[in-house]
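Below is one structure; the comments refer to it alone.
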Amino acid sequence: MKHVQHLILFSPVHNVAETIIDVLENVVDLSTVLGRYQCDLHYLAINDASTDDTATLVASFNSIYPWIEVTTNTTNQGNAANVVQGYRWALEMLKAIGGDEDTLIGCFDGDGEHNPLAFRRHIEYIEGESCDSVVGTIIYPPHAMDWTDLHMMRFLGSLQANLMDAKDPFYIQSGGWQLHRPEALWLAIADLLPQYQRYFESHYGEFPRWGMHAVIDTLIPMARGRTNGGRLKPGYLECFGLPPKRDD
C-alpha cells in the first residue's frame, strides 16, 4: 500500500483517571515518532459517562494538542457501542481529511495495559503488504497464566487464526487493539455489522455490552470477497501488569 500519511485512533474510556495521563503521554510520543515518517495522528477518547476526572484530564491534553479530542456520552453505553461509535467517527474523519489508501484506522483500550507506540511497528506490517489489519495478541509470563489461558493459547487462538485467515496464531487475543486499512472496514461497519446485529437481536436478544472487537475481527475477512483487503495478522504487544480477571 501507499506510505501511511494519516493514522486515526480512538479509545473507549470509562473511569480511567488513574491511567489516562500515562496513556495520553504515550499517544503524544506516538505522534512525535509518526512525525518523523511524515504521518499525522488524529485521536479521540470516547468518555463513556465516567464518574471520575477522566473527561477533565483528556480535555487538559486537548488544550495543548488539538488533535486529541474527547466526546462524552451522557449515559453509559458499554464498550461494544463505544467501539461502533469510534469506528464511525474515524470513517467520518477519514472523509474530512481526504484520506484513502494512505490512511489507517485503529483503536486501543484506555486502561494503560498496552503501549500505543506499538502502532509504529504494526503500521510497517500493513505498509509491507503482509496484511490488511493487525489485531493485538499477548503472551503473559508463565507465572501469570492458568490452565484457562493455556487453553485459549493452544486451541482457541489457533481456531481464531484459522477463521480469520491469519497466517500466524493468536495466543491470548487482546481484542481492544486493532489497526485496519479503511477499505474492508467501510464495508464491515456500514453493511455487514448492521446485518449481523439485526440477526443477533432477532435470535438472541439485545447485543452484549462487550465483544464488539471480536465481531469486527470476524467481519473484516468476510468483507475481503468484495474488497481488496481483509487479511489479518496478530501483532504482539507489551503488557503492563497482570492479566485482566476473567469470569465464565
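For segment 11-32, name all the residues that are farther than 13 Å from Ala55 by Cα, among the polar types (S, T, N, Q) and touching a residue at least 40 places away in the same chain (Cβ under 8 Å).
Taking segment 11-32 and keeping what is farther than 13 Å from Ala55 by Cα, we get 22-23, 25-32.
Imposing the further condition that a residue be among the polar types (S, T, N, Q) reduces the set to 26, 31-32.
Asn26 - this is the single residue of segment 11-32 that is farther than 13 Å from Ala55 by Cα, among the polar types (S, T, N, Q) and touching a residue at least 40 places away in the same chain (Cβ under 8 Å).
Scanning segment 75-95 for residues that are of a type in the set (Val, Ile, Thr) and open to solvent by less than 50 Å² (accessible area, probe 1.4 Å) turns up Val83, Val84.
Filtered by the rule that a residue be over 20 Å from Gly229 (Cα atoms) and touching a residue at least 24 places away in the same chain (Cβ under 8 Å), segment 94-111 gives Ile97, Phe108, Asp109, Gly110, Asp111.
Could you look through segment 25-42, keep only residues that are closer than 19 Å to Ala59 by Cα and in a helix (DSSP H, G or I), and pick out the one that is most open to solvent (accessible area, probe 1.4 Å)?
It comes out as Glu25.
Considered as a group, the residues in segment 186-209 that are within 26 Å of Ile123 (Cα to Cα) and in contact with a helix residue (DSSP H, G or I) (Cβ under 7 Å, 6 or more places away or on another chain) include one that is most open to solvent (accessible area, probe 1.4 Å), and that residue is Trp186. Criterion applied to Thr72, Thr51 was being within 14 Å of Phe10 (Cα to Cα), open to solvent by 20 Å² or more (accessible area, probe 1.4 Å) and either modelled with pLDDT of 95 or more or of a type in the set (Val, Ile, Thr) (or both), and the one residue passing it is Thr72. Per the conditions (1) in contact with a Phe, Trp or Tyr (Cβ under 9 Å, 6 or more places away or on another chain); (2) open to solvent by less than 10 Å² (accessible area, probe 1.4 Å), the sole criterion not satisfied by Thr103 is (1). Residue-level check: of (1) open to solvent by 40 Å² or more (accessible area, probe 1.4 Å); (2) in a loop (DSSP other than H, G, I, E, B), Val4 misses just (1). Considering the conditions (1) at pLDDT below 95; (2) within 22 Å of Gly98 (Cα to Cα), Tyr65 is excluded by exactly one of them, (1).
The values are calculated or read from the model by the stated rules, or taken from the named source; none is laboratory data. Fair warning: this is a prediction, and the values are worked out from it, not measured in the lab. Note: ideal-geometry Cβ built from the backbone for every residue, glycine included; neighbour counts use all protein chains shown. In case anyone asks, the SASA skips ligands and DNA or RNA and just uses the protein heavy atoms, side chains included. Shrake-Rupley method; radii C 1.70, N 1.55, O 1.52, S 1.80 Å.
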